[in-house]
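All remarks here apply to the structure that follows.
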């Protein structure tokens, strides 16, 4: 049973139990399935508890939007598991055009802010990840060292299906492979890393004023970024 084909709650108790390959999420003792009918079996107790809690917390009407851990687990099972190499390659490609490597040409205040915020993270990546990416001004393509890109690619491919589902959101939302690694390796608090990804946007906001629509969209992305970091942690508890 998937639980996604109805808007009404049909179970009393959500829980989990040991099974081959991990822990299966259960609704009244029957294994939960994804929208693609894949059994929801997860690798850690922390992840199983979080998913079970989301289902147990549902009211009479089921709202998938209140179950972010379940949705990311579904992505790991129904999407990443079927094309892991392709997903990993796509994320690794961010290294060649990483947000942190492309800098403003003006004004000097923004140039200095980008350097102050992003240079230490690139230095950290060189030391901790074995990948030194260089920065350039402007938007013209700037080729990075192939050895550095390969080092990052190897690390991406080493992630599990569940880790990769979370890592996908960390990288795609921030626009930076380096910030994705900084998030999972806890270089800085996750809220701080999100702010690092928005140096340009925050500069524009200071310059031109607050835009409610843009702020609302940014808040949605921020919540998703923070959730992805939490999901990654749950995969390793």
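The values are calculated or read from the model by the stated rules, or taken from the named source; none is laboratory data. Every value quoted in this text rests on a predicted model; they were computed, and no experiment measured them. Cβ coordinates were reconstructed from backbone atoms using ideal geometry, including for glycine residues, and neighbour counts include every protein chain displayed.
Are there any pairs with C-beta distances below 8 angstrom linking a residue in the range 200-218 that is in contact (Cβ under 8 Å) with a residue 12 or more places away in the chain and not assigned by TED's automatic domain parsing to the domain that holds residue 176 to a residue that is outside any helix (DSSP H, G or I) and surrounded by 12 or more Cβ atoms within 10 Å (Cβ to Cβ), with the two at least 6 apart or on different chains, and if so which?
So the pair list comes out empty.
Quick one: which helices (runs of 4 or more DSSP H) lie wholly within the range 151-214 and hold at least 1 residues that are out of contact with any strand residue (DSSP E or B) (no Cβ under 6 Å at 6 or more places or on another chain) and over 24 Å from residue 108 (Cβ atoms)?
Working: elements: 161-174, 177-184, 190-197, 199-208.
Output list reads 161-174, 177-184, 190-197.
When residues of the range 99-139 are filtered for being in contact with a strand residue (DSSP E or B) (Cβ under 9 Å, 6 or more places away or on another chain) and touching a residue at least 24 places away in the same chain (Cβ under 8 Å), how many remain?
Number of matching residues: 14.
Looking for whichever is touching a helix residue (DSSP H, G or I) at 6+ places or on another chain (Cβ under 6 Å) and crowded, with 18+ Cβ neighbours inside 10 Å here; the options are 194, 203. Which one fits? Write out each step before concluding.
On the way: 203 fails: crowded, with 18+ Cβ neighbours inside 10 Å.
Residue meeting the stated conditions: 194.
Quick one: is residue 129 within 13 Å of the chain's Cα centre (by Cα) and within 30 Å of residue 46 (Cα to Cα)?
On the way: within 13 Å of the chain's Cα centre (by Cα): no; within 30 Å of residue 46 (Cα to Cα): yes.
No; evaluated as a whole, the condition is false for this residue.
Tell me, which helices (runs of 4 or more DSSP H) wholly within the range 35-130 include 2 or more residues that are surrounded by fewer than 16 Cβ atoms within 10 Å (Cβ to Cβ)?
Filter on the range 35-130 gives 45-56, 84-92, 108-124.
Output the number of the condition that residue 142 fails; it satisfies all remaining conditions of (1) at pLDDT below 95; (2) surrounded by 13 or more Cβ atoms within 10 Å (Cβ to Cβ); (3) assigned to a helix (DSSP H, G or I).
Checking residue 142 against (1) at pLDDT below 95; (2) surrounded by 13 or more Cβ atoms within 10 Å (Cβ to Cβ); (3) assigned to a helix (DSSP H, G or I), the one that fails is (3).
If residue 168 passes every condition in (1) modelled with pLDDT under 95; (2) closer than 12 Å to residue 91 by Cβ but one, which one does it miss?
(1)
Looking at 165, 182, 158 in this structure, which one is at negative phi and within 9 Å of the chain's Cα centre (by Cα)? Give the derivation first.
Numbers: 182 fails: within 9 Å of the chain's Cα centre (by Cα); 158 fails: within 9 Å of the chain's Cα centre (by Cα).
Going through 165, 182, 158 in turn, just one is at negative phi and within 9 Å of the chain's Cα centre (by Cα): 165.
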